[in-house]
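The values are calculated or read from the model by the stated rules, or taken from the named source; none is laboratory data. For clarity, every value in this text was computed on a predicted model and none was experimentally measured. Positions of Cβ are backbone-derived with ideal geometry, glycine not excepted, and every protein chain shown enters the neighbour counts. Quick note on the areas: whole protein, heavy atoms, side chains included, nothing else; ligands and nucleic acids left out. Shrake-Rupley method; radii C 1.70, N 1.55, O 1.52, S 1.80 Å.
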Amino acid sequence: MPSLFVVGGGLFGSLAAAYARARGMESIVFDSGRDGAASPAAAGLFKESWAGRKLLPHYHRALPLLEQLYPIRALSLESAEGNRESHLFVPPSLILEPSPNRQSVEKVGDGWLEAGGRRYEGWIYIAAGVWSPQFLPGLEVIGKAGAVFVYPGEREGRTRRFEDGRQAIAFVRDPGTTYFSDGTAERDYTEEHERLSLRRAERMGLIEPSVRLWGRRPYTKGGPFFERIAGRTWLATGGRKMGTILGASFARRLVEEEIG
Ligand SMILES: Cc1cc2nc3c(=O)[nH]c(=O)nc-3n(C[C@H](O)[C@H](O)[C@H](O)COP(=O)(O)OP(=O)(O)OC[C@H]3O[C@@H](n4cnc5c(N)ncnc54)[C@H](O)[C@@H]3O)c2cc1C
């Protein structure tokens, strides 16, 4: 059986590789660690109601894969009014390919890719987030950027809605720390956005972050994008704010329907 070579070790690529391996295929992930990759900054939350009617089929396709491969946690966040909001959650650290091949993929074709001066042949899955148009000219991917902040110590999961309607969350994404995000997603991200996010965090009692993570969520017109672009080559992107669900749904489609 040919191997599956994946371009991009974010949520999309890592989920496809993990699922392919679970089904007995060999898979190698290439990720050159680009600044602005979305997945390391993701909170890892998902919820049926976020999918809306249009993306609901993705939610239902994704859940069995996530249940099979990862422990899905239930997370409860308390609002200022004392209400509780529940989410499902898989930390990106459990999903992201731990040691991808760090070479940059320079070229792809039908059933091959080139990286580090070498050619690899097999099934090719391009999951390069906002960098996907490099491999499919004409594909329009808009990056909406946001920064999140990580604070030392574990705090209770909380959510707060600010005057401008923006909702912020703070919870333990990774042990020993508290993750804060206010959902900022901007095409033109500026220092002012950063200052506002930090101010919102301060209002939730979070001061002096130890880590700043920044990522660009990939948006594609007309909804998430999955296409066989050549006989043995596929490209998927457009994870927007739902990378876990959409990445898992497309991983099933690739492995079960297209390759399998
Ligand atoms: C702040 C923030 C919070 C978020 N919270 C959530 C959340 O709670 N739940 C949720 O479901 N989603 C969330 N998202 C959205 C989610 O992160 C994205 O939809 C998802 O990460 C997109 O994954 P991806 O694999 O397509 O892209 P990316 O994560 O950007 O991965 C693409 C990878 O491709 C690599 N690459 C690119 N070109 C090449 C090349 N030529 N050669 C080798 N490697 C290459 C890059 O290095 C990169 O690692 C959040 C996003 C952000 C920014």
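Are any of the residues in segment 130-152 polar (S, T, N, Q), under 18 Å from the mean Cα position of the chain (by Cα), more than 19 Å from Arg199 (Cα to Cα) and within 12 Å of the ligand (Cβ to nearest atom)? Yes - at least one qualifying residue is present in segment 130-152. Checking the structure you have, find out if any residue of segment 68-86 is within 10 Å of the ligand (Cβ to nearest atom), open to solvent by less than 40 Å² (accessible area, probe 1.4 Å) and not assigned by TED's automatic domain parsing to the domain that holds Ala170. No, segment 68-86 contains no residue that is within 10 Å of the ligand (Cβ to nearest atom), open to solvent by less than 40 Å² (accessible area, probe 1.4 Å) and not assigned by TED's automatic domain parsing to the domain that holds Ala170. Scanning segment 126-164 for residues that are assigned to a strand (DSSP E or B) and under 13 Å from Leu235 (Cβ atoms) yields Ile126, Val141. Report every pair of residues separated by at least 6 positions or lying on different chains whose Cβ atoms are under 6 Å apart, first residue within segment 97-113 and among the aliphatic types (A, V, I, L, M), second not in a strand (DSSP E or B). Between residues of segment 97-113 that are among the aliphatic types (A, V, I, L, M) and residues that are not in a strand (DSSP E or B), the close pairs are Val108/Phe135. The residues of segment 163-212 that are surrounded by 13 or more Cβ atoms within 10 Å (Cβ to Cβ), farther than 27 Å from Ser86 by Cβ and of a type in the set (Lys, Arg) amount to a single one, Arg212.
Within segment 52-67, the residues that satisfy the criterion of being in contact with a helix residue (DSSP H, G or I) (Cβ under 6 Å, 6 or more places away or on another chain) and more than 10 Å from the ligand (Cβ to nearest atom) are His58, Tyr59, Arg61, Leu65, Leu66. Per the conditions (1) within 8 Å of the ligand (Cβ to nearest atom); (2) in contact with a helix residue (DSSP H, G or I) (Cβ under 7 Å, 6 or more places away or on another chain), the sole criterion not satisfied by Gly33 is (2).
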